[in-house]
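Data first, discussion second: the structure below is written as structure tokens.
A short reminder: the numbers here are calculations on the coordinates, not readings from a lab. Note that this is a predicted model, so its numbers are computed, not measured. All Cβ positions, glycine included, derive from the backbone under ideal geometry; neighbour counts span all protein chains shown.
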Amino acid sequence: MSASEQVITVGHEPPTATGLDNTKLAMWAFLGSECLFFGSLISTYLLYRNRVCAGCGPHPHQIYNIPYTSVSSFVLLMSSLTMVLALAAVQKGDQRAMRIWLLATAFLGMTFIGGQIFEFTDFYHRGLSLSASTFGSAFFVLTGFHGAHVTVGILMLLSLVAMSSLGRLGPQAARKVELIGLYWHFVDIVWIVIFTVVYLIPSK
Amino acid sequence: MPLKQPVYEDYEAHDGPRHPEPRQYVTIAVVLAVITAIEVSVYYVTSVKDLLVPMLIVMSVIKFMLVALWFMHLRFDSHVFRRFFLIGIVLALVVFSVVLVTLLTRAPLPAG
């Protein structure tokens, strides 16, 4: 379907009280609530990160591998670039390029998740578990929930690719890509905060 | 309240706000990568230890804003979306402030 045909179809959308797309408004409301969710988890981590009793496992500064996490952060940042390039492609009516960029985004997301699984396994073998200390609980809950969000994002990206390949994305392809893109970028900015607060800012 | 037709800036050929071009997106990504490299470098520089936390926070905020304003299009889209997001951020900061006050005013938590 050409871009001009999409304009005609989108123009038949039902009017709204705000003059804004309701689905996009709902996504922003959801992301606003997610800010509060991750804000609570980050605050909890800050409260507990120095709470490690003797013999209860390692302290944060003993276990974090900053170069490794930096590479993971870079991978997730670059996935935001491929996501916006997918949006730019579909806005120009190029669904093939959109699929390539979406697959690249999903691949980078999977690389990040693979890195997180490796990190969790490494930490576990070095004595840090969900129940080893309150620091361990706070760390795994925060980063685990973030990883779960990335995983959901990957599934949505792959669904978009599958729907596009089957020709089922419909006339509002760009709108759908933009909504999932908002979610993906949000996951990215949460990691920007986590990377600084959890990994880079030194604990006592 | 009268109903209005939703505005789809990315499709319609009107003079309203538009999303950036791919070249601008790449520029923003390069800036983000450079800031991340500086963050990690600063982490290892012992001479700026006293300024480390403020520097890291400033760089994190810059990265946060670049992604939100450019990649999430808050710079170009309706202010209503920006307000929805800001409400969430403000609430998160309130929670964070409560935690800080708790840390400063209450007895230390037992190690565990």
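Summary table
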{"item": "Note, ³J(HN,Hα) from phi for the stretch A:118-130, Karplus 6.51, -1.76, 1.60, rounded to Hz, x at Gly and Pro", "result": "4, 5, 4, 4, 4, 4, 4, 5, 9, x, 9, 10, 4"}
{"item": "Phi to ³J(HN,Hα) by Karplus 6.51 cos²θ - 1.76 cosθ + 1.60 over the stretch B:78-93, Hz, x for Gly, Pro", "result": "4, 5, 4, 4, 4, 5, 4, 5, 5, 4, x, 5, 4, 4, 5, 5"}
{"item": "Cα pair distances of chain A binned at 10 Å [whole percent]", "result": "8, 31, 29, 18, 10, 4, 0"}
{"item": "Highest-MSF residue in chain A out of A:F145, A:F30, A:F135 [GNM, Cα springs under 10 Å]", "result": "A:F30"}
{"item": "Cβ-derived FRET efficiency at R0 22 Å, A:S159 paired with B:M65, nearest 0.05", "result": "0.15"}
{"item": "Positive-pole candidate from A:G127, A:Q116, A:M78, dipole of the stretch A:36-195, charges at beta carbon", "result": "A:M78"}
{"item": "Max mean-square fluctuation residue, GNM over chain A, Cα-Cα springs under 10 Å, options A:G93, A:G181, A:G170", "result": "A:G170"}
{"item": "Among A:T18, A:T82, A:T143, residue whose mean-square fluctuation peaks in a GNM of chain A (springs only between Cα atoms under 10 Å)", "result": "A:T18"}
{"item": "Net dipole in debye of the protein assembly as shown [+1 Lys, Arg Cβ; -1 Asp, Glu Cβ; about Cα centre; nearest 20]", "result": "560 debye"}
{"item": "Under 5 Å, built H, 5+ apart or other chain: amide partners of A:D21", "result": "B:V7"}
{"item": "Expected 222 nm ellipticity per residue - DSSP helices of 4 or more, -39500 (n - 2.57), all of chain A, to 500", "result": "-25500 deg cm²/dmol"}
{"item": "Table column - 3J(HN,Hα) (Hz), the stretch A:40-46, Karplus curve with 6.51, -1.76, 1.60, x for Gly and Pro", "result": "5, 5, 5, 4, 4, 4, 4"}
{"item": "Percent RCO, i.e. relative contact order, over the stretch A:68-188, from Cα pairs under 8 Å lying at least 6 residues apart", "result": "33 percent"}
{"item": "The stretch A:62-180 - Kirkwood radius from inverse mean 1/r over Cα pairs (Å)", "result": "15.6 Å"}
{"item": "Paramagnetic label zone (point 7 Å from Cα along Cα-to-C-beta, A:F37; backbone N under 12 Å) in the stretch A:123-149", "result": "A:145-149"}
